[in-house]
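Notes for the one structure printed next.
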C-alpha cells in the first residue's frame, strides 16, 4: 500500500513512512493511492470477530509494511475491556463500541453507537489509544524519539495526552484555545503532571491553534531538526483507525449481506466523518453520511450550497458543543480530493489560491457538487436551544443522557431518516464532560466515573501563549534539548 499527497507530491510513501509525520512536503494530506476493497463475503466472515481482531483486518489493508503478528498484537493490546471500561450500564462492554437502540422513529431504528468508553470519555480515544501504541512500536523499532505537536478544541488533546503519557521517546506539546473548553476538558489535560506532557493555552480560537500546527509542519527544516510529529486528524493513522468503528457499527446493526445503514456524525474538523467516507469507498453498504454541525456551520453550508467559506477567528462562535467550534476543517481536503477525481494540481490551486487567499471556493452548479450526493453526504445544523431540547427529549423519552455534541447529531439525524434504513448516531463524549449544559437542560449533575470525581480541583500545569508561530517554536525548542 502506497500513499500520496492530496496536492500531487510525487514520492509515494509507505504507512510506516508517514506514521510519525503530519503534512506531506507540499502541504497536502496523505491518502492511499487507491482504497482497498472489502467484499460482502469478507464482511459476513467478520461478524464474529472481536473489535481488536476486526481492527486488525481493516488496518492490515492499509499498513501492510508492519508484520501481521506485530499489528495483531498492537490491536489486541489496545482494544480491551480494561481500557474501554466506561460503558453505560446495560451496554455490552465486550463490543468496545456498544450499539444502543433508542427507538423507532420515522419508520426506522434510531441508534447510538457508543464511542466514549475509553480513558478520556470521548470518541477520540478509539484512535488515539492505538496511535500511542503504534508510535511507541515504530520509535522503538527505529531507535528514534518524537515531539508531538497537536491542537485541540477539547477532546483530541486529552485523548492524545492520556495515550502518550509515559511513552518512551515521546513528548507532547498540545495547543488549546485559552478559556474556551469546558471545565472538565480543561482539567483532564491541565491536571496531568507527567514530565513528557506540555499544555500550551493559546490566546485565540481553535483555528489559531490549528494554523500554528500547520505552519510548524510546513517548516521542513524545523520539523526535521525538532523531530516533530502530529496526532491531529491530519495524521493518516488517526483517520484510518476511526474507519474500524464504521465497520463494527454496520456489523452490529445488520444481520445479513448488503443491508444499508446511515451514520450521523457530529463534525467540526471532518476527520470522523471522513473515516466514514473511506469506509463507504471500501465497499461498506452505507446509505447516507449525515454531517451535523453546531452554530459554526461551515460544513453544513458547503453540503447544502456548494460554497466553502472559511470564517475568521472573530466570526467563530464559542458554543455549548465546543469541540466543534471550528471554522476551517483540516480533513475536508481529503474529501475534496476525491470529489475532484483525485486531481492534485486542481486541489492545490483551490486551497492555496482560493482558501488561503480568498477564504473559500464555490462548487455550486458543477459536476463535482453533484458528486456529493453520489457519495451519500447530507447535512444539517444545531443551535444551543436545539441541543437543550434534544437532551431533555431523549432523557424523557428514552431515559438516557447524552452530551451536547451527540445532541447535535441526534437533532440532525432526525431530519434525514429513511424508512427501513437504520440511522446510527456516533456518540461524541459522555455527558460528564459538559456538566454546565446538562444542568441547564435537566437540572441535575451528569454521572461521571469515580476516577474523575473532583478532577476540576486538582492542581493544573499549563502555559498561556500568544497565537504566534515563532513563540511556539521557541518554546518547543527550549523544552526538547534538540
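The values are calculated or read from the model by the stated rules, or taken from the named source; none is laboratory data. Being a predicted model, the structure only gives us computed values, none of them experimental. Every residue, glycine among them, receives a Cβ derived from its backbone with ideal geometry; neighbour counts consider all protein chains shown.
Do the conditions hold for residue 35, that is, is it outside any helix (DSSP H, G or I), out of contact with any strand residue (DSSP E or B) (no Cβ under 7 Å at 6 or more places or on another chain) and over 26 Å from residue 118 (Cβ atoms)?
Judged against the criteria, residue 35 is a match.
In segment 33-56, of all residues being within 20 Å of the chain's Cα centre (by Cα) and in contact (Cβ under 8 Å) with a residue 60 or more places away in the chain, the one that is surrounded by the most Cβ atoms within 10 Å (Cβ to Cβ) corresponds to 55. Scanning segment 166-209 for residues that are without any contact (Cβ under 8 Å) to a residue 60 or more places away in the chain, in contact with a helix residue (DSSP H, G or I) (Cβ under 9 Å, 6 or more places away or on another chain) and within 25 Å of residue 145 (Cβ to Cβ) gives 167, 168, 169, 170, 172, 174, 176, 194, 196, 197. When residues in segment 57-79 are screened for being within 20 Å of the chain's Cα centre (by Cα) and outside any helix (DSSP H, G or I), 3 of them pass.
Taking first residues from segment 86-100 that are without any contact (Cβ under 8 Å) to a residue 60 or more places away in the chain and partners that are assigned to a helix (DSSP H, G or I), the Cβ contacts under 6 Å between residues at least 6 apart in sequence or on separate chains come to 87/93.
Does residue 111 meet the test of being surrounded by 19 or more Cβ atoms within 10 Å (Cβ to Cβ) and assigned to a helix (DSSP H, G or I)? Full working, then the answer.
Details: surrounded by 19 or more Cβ atoms within 10 Å (Cβ to Cβ): yes; assigned to a helix (DSSP H, G or I): no.
Taking the combined requirement at face value, the residue does not satisfy it.
I'd like the residue in segment 1-19 that is within 24 Å of the chain's Cα centre (by Cα) and part of a loop (DSSP other than H, G, I, E, B) and, out of all such residues, is farthest from residue 234 (Cα to Cα). Across segment 1-19, the extreme among qualifying residues is 1.
Looking across segment 126-161 at every residue that is over 21 Å from the mean Cα position of the chain (by Cα) and assigned to a helix (DSSP H, G or I), the one that is nearest to residue 76 (Cα to Cα) is identified as 137.
Here the helices (runs of 4 or more DSSP H) wholly within segment 196-253 that include at least 3 residues being crowded, with 24+ Cβ neighbours inside 10 Å are 206-218, 236-253.
Looking across 189, 181, 174, one residue alone is part of a helix (DSSP H, G or I) and crowded, with 24+ Cβ neighbours inside 10 Å. It is 189. The residues in segment 394-426 that are under 21 Å from residue 115 (Cα atoms) and in a helix (DSSP H, G or I) can be counted, and the count is 14. Quick check on this structure: which one of 417, 430, 363 is more than 23 Å from the chain's Cα centre (by Cα), over 30 Å from residue 6 (Cβ atoms) and crowded, with 18+ Cβ neighbours inside 10 Å? Answer to the selection: 417. Given the criteria closer than 23 Å to residue 40 by Cα and either crowded, with 17+ Cβ neighbours inside 10 Å or in contact with a helix residue (DSSP H, G or I) (Cβ under 7 Å, 6 or more places away or on another chain) (or both), does residue 65 qualify? Against the criterion (closer than 23 Å to residue 40 by Cα and either crowded, with 17+ Cβ neighbours inside 10 Å or in contact with a helix residue (DSSP H, G or I) (Cβ under 7 Å, 6 or more places away or on another chain) (or both)), residue 65 does not qualify.
Of the helices (runs of 4 or more DSSP H) contained entirely in segment 279-350, not one carries at least 3 residues that are modelled with pLDDT under 95 and under 25 Å from residue 434 (Cβ atoms). The residues of segment 80-109 that are more than 22 Å from the chain's Cα centre (by Cα) and at pLDDT 95 or above, listed by number, are 101, 102, 103, 104, 105, 107, 108, 109.
Take the conditions over 25 Å from the mean Cα position of the chain (by Cα) and surrounded by 13 or more Cβ atoms within 10 Å (Cβ to Cβ) and apply them to residue 477. Does it pass? The answer is yes for residue 477.
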